[in-house]
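First the structure, in the form of structure tokens, and then the observations on it.
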Amino acid sequence: MQVATSTDLVNWELGRDAMPGLPGWVRLSRPDVWAPEVLQLDGQFLLYFTARNKDHGAQCVGVAVSDSPLGPFRDRGDAPFVCQPEEGGSIDASPFRDTDGTLYLYWKNDGNDRGLPTYLYGQQMTPDGLGLVGEPVRLVANQQPWTGPLVEAPTMWLQDGQYMLFYSGNFYATDAYAVGYA
């Protein structure tokens, strides 16, 4: 995961690998590490990412920690943070901090990778962002005609007291790919 920095969001300088060491649960022959999201919390930075699990080959969500947004990030877990191999895996993690400080994680099951339905999930996290509370909740499914075979890339946004869950639907490499909200 290469770091990129910019002072104007137009010109970018490429830097080092933000997470040079992979955790033990990641398949090293084809790790497929991608979809990073960073949350600043109490002087630390938490990196939620997707990688391929060595035990069953499904993609799963991990979480790594650093003292700097530039890394290096380290995931010291022996297992993925979120993984649903029975639903094709888990990808596209997106953290959200509510106004009262409560943390939530949103993600997509990777069902379309295995011919299964896709859902967007949400679950409360522990105050340190390194654990989960309760059970995950299915929030959105690929049931609208425009979403085609999948929904993905959830992002929660709070504006004027209204929560909006933005997400993408359909195949990313086609002109049918679009963004919706709930």
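Of note:
- Between Tyr119 and Asn109, Gly111, the built amide H atoms are under 5 Å apart, and every one of these is 5 or more places off in sequence or on another chain.
- Cα centroid separation - the range 27-85 against the range 111-182, whole Å: 19
- Ranked by how many other beta carbons lie within 10 Å on average, peptides 127-133, 110-116, 7-13 from highest: 110-116, 127-133, 7-13
- Accessible surface, per residue, of the chain when the full set of protein chains is kept, probe 1.4 Å, Å²: 54
- Thr126 accessible area, assembled protein chains, probe 1.4 Å, Å²: 40
- Shape call, the range 21-135: gyration tensor on alpha carbons, a/c limit 1.5: oblate
- In the context of the full protein assembly, Arg27 retains an accessible surface of approximately 70 Å², using a probe radius of 1.4 Å and ignoring ligands and nucleic acids.
- Toward the positive end of the charge dipole of the range 22-131, with +1 on the Cβ of Lys and Arg and -1 on the Cβ of Asp and Glu, the farthest Cα among Ser68, Ala51, Val38 is that of Ala51.
- Atom-type composition of the exposed protein surface of the chain places 51 percent of the accessible area on carbon and sulfur (1.4 angstrom probe).
- The value of relative contact order for the chain, using C-alpha pairs under 8 Å at least six residues apart, is 13 percent.
- Three-way shape label, the range 7-63, alpha-carbon gyration tensor, a/c 1.5: prolate
The values are calculated or read from the model by the stated rules, or taken from the named source; none is laboratory data. None of these values were measured; they are calculated from a predicted model. Note that we place each Cβ from the backbone using ideal geometry, even for glycine, and neighbour counts take in every protein chain shown. What goes into the accessible areas is simple: the full protein's heavy atoms, side chains included, and nothing from ligands, DNA or RNA. Shrake-Rupley method; radii C 1.70, N 1.55, O 1.52, S 1.80 Å.
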